[in-house]
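A short worksheet on the structure shown next.
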Amino acid sequence: MGTAALYLGVTFAAGLAAGLVRLPPLVGFLVAGFVLGATGAPELPYLGTLADLGVTLLLFGIGLKFDPRSLLRREVWATTVVHMGISVAVAVGFLGLLMVAGVGVLADESLGSLALVGFALSFSSTVFVVKLLDDRSDATALYGRIAIGVLILQDLAAVVFLSVSKGEPPSPWAAALVLLVPASWLLRRALSRTGHGELRVLFGVLMALGPGYALFEAVGVKGDLGALVMGALLASHPAATELSRHLFSLKELLLVGFFVSIGMHGTPSLGDVGVAALLLLLLPAQAVAYGGLLWLMRLRYRTTFLASLAMTNYSEFGLIVVAVGASTGLLTGDWVPTVALAVAASFVLCAAVNRRGVEIAASLEESLPLQRPERLIPDDRPIDVGRAQAVVLGMGRVGRAAFDRLRGEYGLKVAGVEHDGARVGELRAAGVNVVRADATDLDFWERVCAAGTVRVAVLAMPGENANLLAMDRLREAGFAGRVVALARYADEVGHLRKAGVDEVFHLYGTAGVQLADYAADLALGERWLEPGEARGRYPESEPGPQVPGERADTGAGRPTMDDGVT
């Protein structure tokens, strides 16, 4: 227990320090791993297990939101194949120059060894990118779906390499995994009967580790890939989103072990640090390759920039490839700590850059020529909200309720905005006016402002960062209407007000206030309301209590936007 306490203390301190300098906590976790490794801290036997569990649950969670059909998109498979070829060629040329220059670890390496290192560095980190997208709530945005598709195909390439290099191809029984498709019908039925508590969480963990990880490993296929496949097979269930939300905190905690373990792959020497720093010079080439290919696939500048920035890093899979190459004699063992350090440093750089990724994309987009809408793929063309008077950003449960209230009770023309394609399809089938767009897209807000009809914007997205970024875009676009936002936690209220939001709805605090108002209606109204009867109906001589911004029904008419109702 003492060793565990040491690891937890160092990791927490490093994560807190990273937060204080406005870097993501995972940067601190990586630093904690290097500190613990360099100081000779006692080994924590189950750290690797915790890291594996975190990665497995992460990929299972992304599978719950993943549409396998996205792998067939040209911008996914073509980008993956061509980018990998370009990356290997550039890396071989760069490493060859370093070898000629006499860099130690590259002395006497063969062309095949350089190609293997280039292959290892051609991957982007699935774990890091998915974590980044989760933090932004962008896993279902167009750039997020493209990035995840590219990463999955890269992981499949790594699985093939590992199987061939170890001389252990998948078992013939691997073909039987297709039976999971019809079996998923029974699993979805079981999910329906798990309720909303701990049994549902247990079911999710079981699916990720059982038929996901363990079954795939048993037939010689990477278990992480199995966890993602199991998530995808359950993604069509109505409870998939809730299951993902239940697993979120557990996954986040276990992933700390993954980032700490990345920093503990041997203590690098001074020479290793120098070579790792040189390897980071390949990252701009990686970004340019991604950007050029995605632009050729007829994507908007913004989509291209965000996807490229997210994927500009090295992968834990690359570290595994190098470790296998060292164990089979294809590479010297010196490459393992060198590449481990390069992977960790790429995470730090990528986290720092992507913290302002939306702003970077917006500034770069402004400096480039306009793109003709007809040149772009249909999913990435500009969105028009028509003559809407109100827009609701984020059409989850809260956003949908706000949409229905604004349209049904106040008679406003409302447009919903959502970037989850599956949810957009469901809402349109139900007759809801919703467009698929990204609330942090400056071009979208400029079109909204140009229409001149939108009087109020409701920011109902689940993450504070997404709401704050949307508010920034509203300000930049010159939006003159009122803005109302949702906050889950008390400290978010101040952040949103400081950003310029007119009114903030504290999800939990305001719910308690409204619950008390309903109770007071019943008590002070001196009678119980009939089922379906509108609240606040009192004799004119005894007006009942009111929710702020809402009128009691005294015949004065329906509240309007001019009455301060938002």
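The values are calculated or read from the model by the stated rules, or taken from the named source; none is laboratory data. The shown structure was predicted, so the numbers you read here are calculated from the model rather than taken from an experiment. Methodologically, a virtual Cβ is constructed for each residue, glycine included, from the backbone with ideal geometry; neighbour enumeration extends over all protein chains shown.
Yes or no, residue by residue, for (1) at pLDDT below 90; (2) buried (at least 21 other Cβ atoms within 10 Å of the Cβ); (3) acidic (Asp, Glu); (4) in contact with a Cys (Cβ under 7 Å, 6 or more places away or on another chain):
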residue	(1), (2), (3), (4)
LEU16	no, no, no, no
GLY33	yes, yes, no, no
ASP67	yes, no, yes, no
LEU71	yes, no, no, no
VAL81	no, no, no, no
GLY85	no, no, no, no
Please specify each residue of segment 389-407 satisfying the condition of being of a type in the set (D, E, K, R) and in contact with a helix residue (DSSP H, G or I) (Cβ under 8 Å, 6 or more places away or on another chain). ARG400
Can you give me the number of residues within segment 36-65 that are surrounded by 23 or more Cβ atoms within 10 Å (Cβ to Cβ) and of a type in the set (Phe, Trp, Tyr)? 1
How many residues are closer than 30 Å to GLU75 by Cα, of a type in the set (D, E, K, R) and over 21 Å from the mean Cα position of the chain (by Cα) if we restrict to segment 379-431? 4
Can you tell me which residues in segment 119-137 are within 17 Å of ALA340 (Cβ to Cβ) and surrounded by fewer than 21 Cβ atoms within 10 Å (Cβ to Cβ)? none
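Can you find a residue that is at pLDDT 50 or above, of a type in the set (Phe, Trp, Tyr), in the same structural domain as VAL414 (by TED's automatic domain parsing) and touching a Lys or Arg at 6+ places or on another chain (Cβ under 9 Å) anywhere in segment 476-485?
yes
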Residues to consider are ALA437, ALA450; find the one that is outside the structural domain of ALA141 (by TED's automatic domain parsing), within 14 Å of PRO382 (Cα to Cα) and touching a strand residue (DSSP E or B) at 6+ places or on another chain (Cβ under 8 Å). ALA437
Of everything in segment 436-460, what is surrounded by 20 or more Cβ atoms within 10 Å (Cβ to Cβ) and at pLDDT 85 or above? Give them in sequence order. VAL454, VAL456, ALA457, VAL458, LEU459, ALA460
Selection within segment 240-289 - in a helix (DSSP H, G or I) and of a type in the set (Gly, Ala, Ser): ALA240, SER244, SER249, GLY257, SER261, GLY271, GLY274, ALA276, ALA277, ALA285, ALA287, ALA289
Identify, please: which residue in segment 120-161 is closer than 27 Å to GLU217 by Cα and outside any helix (DSSP H, G or I) and is, among those, modelled with the lowest pLDDT? ALA139
Can you find a residue in segment 183-192 that is surrounded by fewer than 17 Cβ atoms within 10 Å (Cβ to Cβ) and not in a helix (DSSP H, G or I)? no
Evaluate segment 201-224: report whether one residue or more is surrounded by 19 or more Cβ atoms within 10 Å (Cβ to Cβ), hydroxyl-bearing (Ser, Thr, Tyr) and not assigned by TED's automatic domain parsing to the domain that holds GLY463. yes
Could you list, in sequence order, the residues of segment 416-443 that are part of a loop (DSSP other than H, G, I, E, B) and not β-branched (Val, Ile, Thr)? HIS419, ASP420, ALA430, GLY431, ASN433, ALA437, ASP438, ALA439, ASP441
Please list, ordered by first then second residue, the pairs with beta carbon atoms under 9 Å, 6 or more apart or interchain, first in segment 207-232 and outside any helix (DSSP H, G or I), second of a type in the set (Asp, Glu). GLY220/GLU168; LYS222/ASP155
